[in-house]
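Report on the following structure.
The values are calculated or read from the model by the stated rules, or taken from the named source; none is laboratory data. Computed from a predicted model, the values in this text were never measured in an experiment. Cβ: placed from backbone, ideal geometry, glycine included. Neighbour counts: every protein chain shown. Heavy atoms of the whole protein, side chains included, go into the accessibility calculation; ligands, DNA and RNA do not. Shrake-Rupley method; radii C 1.70, N 1.55, O 1.52, S 1.80 Å.
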Amino acid sequence: MCNFARAALVIKEKKDAMTRELHSPSSSFALEISLFPNGEDIKKCIQCGICSATCPVAFASNIFRPRKLIQWILIGKREEVLKSDIPWFCMTCRTCEERCQEGVSPAEIFQAVRHLAISEGYAPEAFKKMVDIILTDGWMLKDAFSDFIEDDREALGLDRDLHWNNEFVKMVKKKYFDGEE
Amino acid sequence: MKMAIAWGCLIPTRRSLIGYEAATRKILDDLDVEIADVPNETCCAPFWMQSLDITTSLAMAARNLAKAEEMGLDLLTPCSGCFHSYKRVNYVLQNYPEVHERIDRILSKAGLNYEGKVESKHLVDFLFTDIGLDEIKKHISVDLSGLEIGLRYGCHMLKPHELLNIEYSERPVFADLILELMGITSKSYIGRYRCCGGLLRGIQDELADRILHERLVDAYNANLDALVTVCSLCHLQHDMGQRIIKRKYGMDNLEIPVIHYPQLLALGFGHSPEEIGLKYHTIPTEKFIQKAMKVGGV
Ligand code: SF4
Ligand code: SF4
């Protein structure tokens, strides 16, 4: 094996060992989050701040910092976090996840936070409205889809009718806001 | 080759986006890729929708995948948001058996079944990986050397790359390589890989403006003939949003045409600007078309 390959192997082993080293969640809120798909990774967060340095929203805003939000979860500020609109600043672009060296996905953690916020009645109005539209019509833009656009579609040789419908969402609608079964 | 296709909700319904669909249909036809629309497509429950309840939101995306599976086809989508949702379904099914079971139960109530066999592909990655540069090259009839564009990959087609099974996203090149086949110069400039802020629209408009302003200043300084976008949200943000930024920040000379990725390819394949809906964009595309015609000798 050449030196380069050996070095790569050592680095890989080190990395594997590092990502295996989990911290136990320090608050019941962190434990709660760790039960969601990919939420378990919160245990790996070392609070290094790469996510905050990376995040395009943090760059433009002075209140959203993914590392800090994770810290609030780790120390158990459950009420503050769920009531706050800060978890809703994350656009799920997942740049932070791509760069995090510890295998944490802040985007998925905040997804779980928002889920809890919604089930406890803290969803922002804009969000509730969007969900209601999607679960009534089956898609988001039924209202915006006008005759004019149908004409433009026809002019381009595209089908006027889009065939979207609400058959499937009718069935799932009642499940929403009731939480998971 | 035959693929099922799910267009997403934005592309077929927004005036400035229908050209995306028209151009995609044209180039796939040229490349001998037969496509079958997913019947009665349902919302893929993207981004924030997934925080409502992961089981039900993923079941919505799985519904379209189940339809593709019924057809015995893999699933193509030009929408980066949909692509992300579909990839996430397969990942969660494989890794979280309890969620898998719950999704199955929802689908079965609708008389559907999804085994997880469908591979979803983003249009641009499909062109690069499944069709390939050599094949694409054979279809190029117009040389567009001299055009200088700024290509925006967007976020959701790329990240995280393990989940999406796509080239590592820090500095991707696959989409540039295709454009370079037509002689186009895909300029490297500050901010080309950075987020457009599109998902904050309607929720945090001030922040969305601030991020977009930065992106447009980057693009303006790069002196481009056009911005080229892959993601439909990125297009709405840069094309429709450009008007807002122009007024709000007093950028009087700001007028950068924003072209959809497949539209550029369709021009290279010899289609006319009329066929691919370039006149429906918010920022006029005439100047760009004139330059393309001139360099292409059409
Ligand atoms: S999520 Fe990752 S990048 Fe962010 S602070 Fe934790 S370890 Fe660092
Ligand atoms: S996923 Fe959210 S927290 Fe992470 S970089 Fe993107 S906007 Fe910031």
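Quick notes on this one:
- Taking residues in the range A:156-171 that are under 22 Å from B:Arg105 (Cβ atoms), and partners anywhere that are open to solvent by 80 Å² or more (accessible area, probe 1.4 Å), the pairs with Cβ atoms closer than 9 Å and at least 6 places apart or on different chains are A:Asn166/A:Lys142; A:Met171/B:Lys109.
- Matching residues in the range A:62-106 - criterion: being among the acidic types (Asp, Glu), within 11 Å of another protein chain (Cβ to nearest Cβ) and within 12 Å of ligand 1 (Cβ to nearest atom): A:Glu97, A:Glu98
- The range B:168-189, residues that are within 14 Å of another protein chain (Cβ to nearest Cβ) and either polar (S, T, N, Q) or in contact (Cβ under 8 Å) with a residue 40 or more places away in the chain (or both): B:Ser169
- Scan the range A:29-51 for residues that are surrounded by 19 or more Cβ atoms within 10 Å (Cβ to Cβ), part of a helix (DSSP H, G or I) and within 13 Å of ligand 1 (Cβ to nearest atom) and the total you get is 7.
- When B:Leu227, B:Leu267 are screened for being under 19 Å from the mean Cα position of the chain (by Cα), closer than 26 Å to A:Thr54 by Cβ and outside any loop (DSSP other than H, G, I, E, B), only B:Leu227 passes.
- Given (1) open to solvent by less than 70 Å² (accessible area, probe 1.4 Å); (2) more than 7 Å from ligand 2 (Cβ to nearest atom); (3) facing another protein chain (nearest Cβ under 9 Å); (4) part of a helix (DSSP H, G or I), index of the condition A:Phe59 fails: (1)
- Meets criteria (β-branched (Val, Ile, Thr), touching a His at 6+ places or on another chain (Cβ under 9 Å), touching a residue at least 24 places away in the same chain (Cβ under 8 Å) and facing chain A (nearest Cβ under 9 Å)) for B:Ile54: yes
- Screening the range A:105-158 for helices (runs of 4 or more DSSP H) wholly inside it with 2 or more residues that are of a type outside the set (A, V, I, L, M) and not assigned by TED's automatic domain parsing to the domain that holds A:Arg65 returns the ranges A:125-137, A:147-155.
- Among the candidates A:Cys90, A:Cys100, the residue that is within 8 Å of ligand 2 (Cβ to nearest atom), touching a residue at least 24 places away in the same chain (Cβ under 8 Å) and open to solvent by 10 Å² or more (accessible area, probe 1.4 Å) is uniquely A:Cys90.
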